[in-house]
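Rule-based calculations on the coordinates, nothing more; no lab input. It should be emphasised that the depicted structure is a prediction, and the values quoted were computed from it without experimental measurement. Don't worry about glycine lacking a Cβ; one is built from the backbone with ideal geometry, like all the others, and counts go over all protein chains shown.
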Amino acid sequence: MTKILDCTIRDGGHITGWNFPEELVYAAFEAAKLSGLDYFEIGYLNGNGGQYANCSSLPLQGLEKEGVKLAVMVNAGGKAYSMPDKSLIDAVRVACHPDETEIGIHICEEFKAKGFEVFLHLMNISAMDEGHFSMLSGWEKKEILTSVYFADSFGSLVPDEVEKYFEKLMNCGFENISFHAHNNMQLAFANTLKAIECGAYSVDVTAYGMGRGCGNLPAELLLGYLKKNPEFYFDLIEKYFLELYEKYRWGYSVPNLIGGLKNLHPRKISELAGYSFSQMWEKSGV
């Protein structure tokens, strides 16, 4: 059965600068636990921002995990990082852009040697060329991974492409493959269902779809579809995330749609913010 990872605090932190009240973080973790989720990704080890961007040491004492594994992310091309507290953190996800694939592999090996569960997270997979896939195919230590993730980083994939990348990674020799969706074209749900159909080891969600720009797959949507206790997320949203949404406004917008259609980083769309939608389409290139 496909596992579910809640990355609300880590990915949603792009909205708040990784500054969240501690009570919100505890409430989000409890919602994940009560809904039967498998992983809760609490932040970065080497990000730039608030407490949950640099969470090698967290004041989350007394956290009752009860079957939910706590995860953090490392940016392969980012700044230096410290090893997290092994008594608190169970898993490390190593995120790499295509040109960082080799260093991402080495970092996975480093964390596995320290006893952590590890995931390799391939960002913007549509920009990977055959050389990158050949490198992955030739990696002799694939078995150290719990799973290899691929990310629809700019929300540009459609379900057939999700299936295509599953096949490419299987052909590279990976047994467990996971998927991280973005919602630029409102396809995060459809793409995630396709990933589950392909046998995904795990897929990602966030409360109320919180995430930079277009946002991510809403946890409550997938949990409701899978009949896995979405009511705990409804309570969480009502208490905390409606207020955050009013302040930050992630989710559907025409600029984010253009980003998905043209496979562009959110920063590129932000650069074009002063243009009309039709001008933005023309000037975004591709």
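At-a-glance table
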{"item": "Net charge, residue 129 excluded, C-beta distance under 13 Å - Lys, Arg +1, Asp, Glu -1", "result": "-1"}
{"item": "Partner lysines for residue 69 [C-alpha distance under 27 Å; skip if fewer than 8 residues away on the same chain]", "result": "3, 33, 79, 86, 112, 114, 141, 142, 194, 227, 228, 239"}
{"item": "Using alpha carbons only: equivalent-ellipsoid semi-axes of region 38-89, gyration tensor based, whole Å", "result": "20, 11, 9"}
{"item": "Given charges at Cβ of Lys, Arg, Asp, Glu: the chain dipole, positive-most of 230, 216, 253", "result": "253"}
{"item": "Low-density loop positions, trypsin sites (Lys or Arg not before Pro), region 128-206 - DSSP coil, at most 11 other Cβ in 10 Å", "result": "141"}
{"item": "For residue 204, distant residues with modelled amide H under 5 Å away", "result": "5, 179, 181"}
{"item": "Cα-based reach from residue 268 at 21 Å (exclusive), listing lysines while leaving out same-chain residues under 8 positions away", "result": "283"}
{"item": "Taking region 1-116 and dividing mean pair separation by its residue count, relative contact order in percent (alpha carbons under 8 Å, at least six apart)", "result": "22 percent"}
{"item": "Karplus-derived 3J(HN,Hα), 6.51/-1.76/1.60, for each residue of region 195-210, Hz, glycine and proline x", "result": "4, 4, 4, 6, x, 3, 5, 8, 9, 10, 9, 9, 4, 6, x, 4"}
{"item": "Listed residue (169, 60, 180) projecting farthest to the positive dipole end of region 3-252, Cβ model", "result": "60"}
{"item": "Region 244-259 - phi-based ³J(HN,Hα) in whole Hz, Karplus 6.51/-1.76/1.60, Gly and Pro as x", "result": "4, 4, 4, 7, 10, 6, 7, x, 5, 7, 4, x, 5, 4, 4, x"}
{"item": "Per-pair calculated FRET efficiency, R0 = 25 Å: residue 239 and residue 56 via Cβ, rounded to 0.05", "result": "0.30"}
{"item": "Order of 249, 212, 10 - criterion: other Cβ atoms within 10 Å of each residue's Cβ, fewest first", "result": "249, 212, 10"}
{"item": "Magnitude of the charge dipole, the chain, Cβ model with Lys/Arg +1 and Asp/Glu -1, debye to 20", "result": "360 debye"}
